[in-house]
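Here's the structure, in structure tokens; my notes come after.
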Amino acid sequence: LIVDYGDKDGGVRHVLFASTNGGFVHLVDSETGIELSAIFPESLKHNISAYKNKKAGALVYGMDGQWTIWRHDGNADGRIDKYNSEDFVYLYGGMRRGGRNFYGFDVTDPERPQILFDISPNVDSMFSHLGQVWAKPTLAWVRIPNYSQPVAVLLVGGGYDSNYDADVEGRGDINMHSCSNMNVKCGNQVFMLLAQKKAGVYRAGDIVWWSSQSANSNLVNPDMQDSVVGRIRTLDEDGDGYFDHFYAVDIAGKVFAYSFSQTSNKEKHKRD
């Protein structure tokens, strides 16, 4: 990804974000090629010895996922000013084959990135069946109860369960961050996570709404039995800036269409 940070010392600054199986997200000045900073998540510490000693054999996966950027120029001056509290740049994504964490990073200052949130199955019981997030997160806007302002959220499928690899011959190169229960697939859910730093009682990375087989989810969907791996797509039917529907597909080929009312905050679902 390349992000326009606007004018800097009379010139234009573009920052390149590149994630690698070496485990880093690199932030690079796209004009000079100079690395401004790099992010190495704690969840990949176990790979350091493998990186160091690797000669041949199974591939070691790191930051293997796809990323979504939210660039917000709050005062509309064409530049991202790290000293202006209205400006920010956030980066969101999963690790794909690298693991089952899902990250949000505050990269408003590309020389000093910060963690916005770090989600994994160990964080909360609601994420216990989170799989490997392969797809690019979908940034969208909704209205939530008891909060007057529009809210930015991320729509994220539950991800891939690498136990599916057992059906594929020759998959000896897989870094097995898999679910322990072969009978219950991970990733059979969809999440709506808070993308901004806070909104009412919610903080960045909190679940605003989710749907799965779990009785604890906001909308129980017994048909959601397999991993939701692909990107979730939204549809704004009336052009008001808020999505009215979103669509998710699981690895077994089932399509789920969720419809939302932004006024009554009621949800329903159907399966095609």
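The values are calculated or read from the model by the stated rules, or taken from the named source; none is laboratory data. Remember, predicted model here, so these are calculated numbers, not experimental data. Glycine gets a Cβ as well: all are built from the backbone with ideal geometry, and neighbour counts include every protein chain shown. Accessible surface areas use protein heavy atoms only, side chains included; no ligands, DNA or RNA. Shrake-Rupley method; radii C 1.70, N 1.55, O 1.52, S 1.80 Å.
If I model segment 54-116 as equal point scatterers sitting on the Cα atoms and use the Debye formula, what is log10 I(q)/I(0) at q = 0.14, 0.17, 0.28 Å⁻¹?
-0.52, -0.66, -1.13
Listed here are the pairs K136/K197; K136/K254; K136/K198; K197/K254; K54/K185; K52/K136; which of them are more than 25 Å apart at the Cα?
In this structure, K197/K254; K54/K185; K52/K136 exceed 25 Å between Cα atoms.
Between R233 and L59, take the C-beta separation as r, use R0 = 45 Å, and let me know the FRET efficiency to the nearest 0.05.
Using R0 = 45 Å, I get an efficiency of 0.90.
Tell me which of V28, A76, I48 sits at the most positive position along the dipole axis of segment 1-133, charges placed on C-beta atoms (Lys, Arg +1; Asp, Glu -1).
Checking the options against the dipole of segment 1-133, the answer is I48.
For the chain, what class follows from the C-alpha gyration tensor (a ≥ b ≥ c being the square roots of its eigenvalues): rounded when a/c is under 1.5, otherwise prolate if a/b is larger than b/c, else oblate?
oblate
Jot down the per residue volume, in cubic angstrom and as a whole number, of the convex hull over the alpha-carbon atoms of segment 2-71.
109 Å³
Per-residue accessible area for H46 at 1.4 Å probe radius, Å² rounded to 10?
About 100 Å², ignoring ligands and nucleic acids.
Nearest 0.05, what FRET efficiency do H72 and K45 give at R0 = 35 Å with Cβ-Cβ as r?
0.65
Using DSSP, restrict attention to beta bridges with both residues in the chain and report what percent are antiparallel, rounded to the nearest 5.
So the antiparallel bridges amount to about 95 percent of the total.
Run the Debye formula on the Cα coordinates of segment 85-140, all scatterers equal and no solvent, and tell me log10 I(q)/I(0) at q = 0.21 1/Å.
Those come out to -0.84, one per q.
If each DSSP helix of 4+ residues adds -39,500 (n - 2.57) and the sum is divided by the residues in the chain, what number results at 222 nm, nearest 500 deg cm²/dmol?
When only DSSP H runs of four or more count, the value is -500 deg cm²/dmol.
Evaluate E = 1/(1 + (r/R0)^6) for D240 and K52, where r is the Cβ-Cβ distance and R0 equals 41 Å; express this FRET efficiency to the nearest 0.05.
Approximately 0.15, to the nearest 0.05.
How are the Cα pair distances of segment 49-158 distributed, in percent, across 5 Å bins from 0?
Taking all Cα pairs of segment 49-158, the binned fractions are 2, 10, 15, 18, 18, 16, 10, 5, 3, 2, 1, 0 percent.
Which value in nm describes the separation of the simple spin-label points at N146 and S128, placed 7 Å from the Cα toward the beta carbon?
Simple spin-label model gives 2.6 nm for this pair.
How about segment 12-99: which GluC sites (Glu not before Pro) there are in a DSSP loop, with at most 12 other Cβ atoms within 10 Å of their Cβ?
Of the GluC sites (Glu not before Pro), the ones in loops of segment 12-99 whose Cβ has at most 12 other Cβ atoms within 10 Å are E31, E86.
Would you mind telling me the share, in percent, of accessible area of the chain contributed by carbon and sulfur at probe 1.4 angstrom?
Whole-percent figure for carbon plus sulfur exposure: 48.
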